[in-house]
1. Restricting the first residue to segment 15-34 and requiring it to be acidic (Asp, Glu), which pairs with a second residue that is surrounded by fewer than 16 Cβ atoms within 10 Å (Cβ to Cβ) and outside any loop (DSSP other than H, G, I, E, B) meet a Cβ separation below 7 Å and a spacing of at least six or different chains?
2. For a quick check of your reading: which strands (runs of 3 or more DSSP E) sit entirely within the chain and have at least 1 residues that are surrounded by 16 or more Cβ atoms within 10 Å (Cβ to Cβ), modelled with pLDDT of 95 or more and of a type in the set (D, E, K, R)?
3. Confirm whether SER55 is touching a residue at least 40 places away in the same chain (Cβ under 8 Å) and more than 13 Å from the chain's Cα centre (by Cα).
Amino acid sequence: MLGQKMLFSRGKGGPRIEPGDVFHKLGTYGSVWMVERIFDYADIPRHVRLIDQGSGRTMTVAADMLLDPDNFVRRSA
């Protein structure tokens, strides 16, 4: 049961993510993404919409993935 609770936690006690926060996506040279919007729904984990600062592309990822240091690194805005 504890594993399920952690899987669907909203992360309110962990690092904060706010619109305007900037992250570098690892594995892609020069790929810098800004948080545009945060999605909180009752039935799925928190997600964020990101905008690529170079091309304007967008993607939506789970907040846990954004905070995973194997995937993204937070940058100064």
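1. What qualifies is ASP21/ARG74.
2. Of the strands (runs of 3 or more DSSP E) lying wholly inside the chain, those with at least 1 residues that are surrounded by 16 or more Cβ atoms within 10 Å (Cβ to Cβ), modelled with pLDDT of 95 or more and of a type in the set (D, E, K, R) span 47-52.
3. Answer is no for this residue.
The values are calculated or read from the model by the stated rules, or taken from the named source; none is laboratory data. Keep in mind that what you see is a predicted model, and the values were worked out from it rather than measured. Neighbour counts are summed over all protein chains in view; Cβ atoms, including those assigned to glycine, are modelled from backbone coordinates with ideal geometry.
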